[in-house]
Structures are given as C-alpha cells and as structure tokens.
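Enquirer: Take this structure first; my questions come after.
The values are calculated or read from the model by the stated rules, or taken from the named source; none is laboratory data. Because the structure is a prediction, the values reported are computed rather than measured. Virtual Cβ from ideal backbone geometry, glycine too; neighbours counted across all protein chains shown.
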Amino acid sequence: MTKKKTKSVDKFYKLTRDAAPLSYMLPTRNSRKFPLMYFDEDTNTNRVLRYSSNQKTPFEDEQDDNAILQPVIFEDGMLSVTRTNPVLQEFLHYHPLNGVKFVEIDNEKDASMDVEILNLEIDALIAAKELDINMLENISRVLFGRDTSKMSTAEVRRDILVFAKREPEYFLDTLTDPTLQLQGNVQMFFDKGLISFRKNKTEVWYSTSSNKTRMLTVPYGNDAKETVASYLSSDDGLESLKMLENLLQE
C-alpha cells in the first residue's frame, strides 16, 4: 500500500511580541555568536542547520559544497514561504528560535484557542452573575482585600464581573477554592480590627478587648493573610478561629 504524501501548502510566520521590529533578519548559519543547531533524537547528536536556496535539506551535513546562502527576513513582522520552498519551511521548523522569536500562523488553531478563551469568559461571567451578595462580598475581600462594608452592592458586583471577564480561569479557580470562606473571614478580621499587623507586616497580633497577644510571625516571603488562614485552620488555631468568628457576629 502506497503511503499518501502530505500536501505541500504555503506557510506564514510572524514575529512574537518581544521581537517585532519593522525588519528582522533571522540567523541562517551556524556561528560562535549564534550556534544554529538542532538536536536529533534519532542519532543523539547536534546537527548544524544552514539555509541554502539551492540545497535539498536544511542540514549542513547533507549539503554539498556549492551552497548558496540567502538571508531570511521578516518584513513588518511577517514572513511568507510558498509551498515551492519546502527547504525553508523545514529550516524554520527546526530553527531554535521557532516559538521564541517567531511562530507559524495556524488560523484553525488560533480560532480554536479563541473559542476556548471566549467560552471560559462566558462561564466566568455566568458564575459571577449568579453569585448572591454574601458570596460576592466574600470573593471581593479575597481578590481585592477590600472592606466591602464601605462599598455599594452595585460597586461590588461590577468589580467582580470585570475581574471575571479579565481573568476567567483564575476567577473560576477561586470559586472552587475550599479555603475561600476562611480567606474572606481573615480579611474581615483585619477590616474589623480584631487582628492587626505589626513590625512592617511581619507579625500578626490579636486586637480584641480581652486579647492583645501575638498570634504569629509571618515567615519571610510568605503571604501574610494566607499564613493567618493556614494557622487558623490548623489544630492550634481552631479555638482562635471560633473566638474571632463569634466576635464578628456581635
């Protein structure tokens, strides 16, 4: 049975955002300044790449001594390579800057990714719209560290909807976080002055009428409020959590 050949097609490439000048010349031969190598898994060797317009392969070890070198230049951030130049297409495929400085344009793949992102945005917006006011305020405290008692319901809902549209994946992950309620309560403990920071936010102290002792020291590099939430959910901190929650209800 004869194997069906893959149909040759024109291909288009674009520079990434980090490398998009009006004109960009891609390295096309190996040098000390820029080693142009491809690691061949089959032979377990590094093979030198070189683009030559009169050769049948982009690998230097398969080229003859009459190689004609030509520049590869992106104009206005774009490069078009026709199906009649398969060597350049193959050279770009193996080039070490592929995926770093430039990428092949794949309209079908890009469209699929856009659809996935849009669906995620829709899911996040629907989830945000269906939240009751208590959940809205709790998420607002966790995401923005705000005292929601000083905000209107419309302000809280607007900010949550805007965030859900801008960061849909992070927002949906937040909704399913089992520590969400506790993190919201921790923010309320700070907002109501039941606990407070000292020593440039390296220590957290109780600030109730009957307790002015130190709760904990925040380890270097750790998020202070996450540290408090972790402590209050531990066996050592459960009594403190109950006490603080009771004070919130008063």
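Enquirer: Quick check: is even one residue across region 148-162 in contact with a Lys or Arg (Cβ under 8 Å, 6 or more places away or on another chain), assigned by TED's automatic domain parsing to the domain that holds Ala127, at pLDDT below 95 and at positive phi?
Expert: No: region 148-162 contains no residue that is in contact with a Lys or Arg (Cβ under 8 Å, 6 or more places away or on another chain), assigned by TED's automatic domain parsing to the domain that holds Ala127, at pLDDT below 95 and at positive phi.
Enquirer: Another question, if that's okay. Inspect all residues belonging to region 230-238 and state whether any of them is touching a residue at least 60 places away in the same chain (Cβ under 8 Å), part of a helix (DSSP H, G or I) and under 22 Å from Leu143 (Cα atoms).
Expert: No: region 230-238 contains no residue that is touching a residue at least 60 places away in the same chain (Cβ under 8 Å), part of a helix (DSSP H, G or I) and under 22 Å from Leu143 (Cα atoms).
Enquirer: Kindly establish whether Gln181 is polar (S, T, N, Q), over 20 Å from Lys150 (Cβ atoms), touching a residue at least 40 places away in the same chain (Cβ under 8 Å) and part of a helix (DSSP H, G or I).
Expert: In short, yes.
Enquirer: Between Leu69, Leu88, which is of a type outside the set (Val, Ile, Thr) and at pLDDT 95 or above?
Expert: Just one listed residue meets the conditions, Leu88.
Enquirer: Only one residue in Ile117, Ile122 is surrounded by fewer than 16 Cβ atoms within 10 Å (Cβ to Cβ), within 30 Å of Gly77 (Cα to Cα) and at pLDDT 90 or above. Which one?
Expert: Ile117
Enquirer: State whether the residues of region 8-17 include one that is modelled with pLDDT under 90, surrounded by fewer than 11 Cβ atoms within 10 Å (Cβ to Cβ) and over 26 Å from Asp106 (Cα atoms).
Expert: no
Enquirer: Would you please name the residue that is surrounded by the fewest Cβ atoms within 10 Å (Cβ to Cβ), looking only at residues in region 44-75 that are aromatic (Phe, Trp, Tyr) and out of contact with any Pro (no Cβ under 8 Å at 6 or more places or on another chain)?
Expert: Phe59
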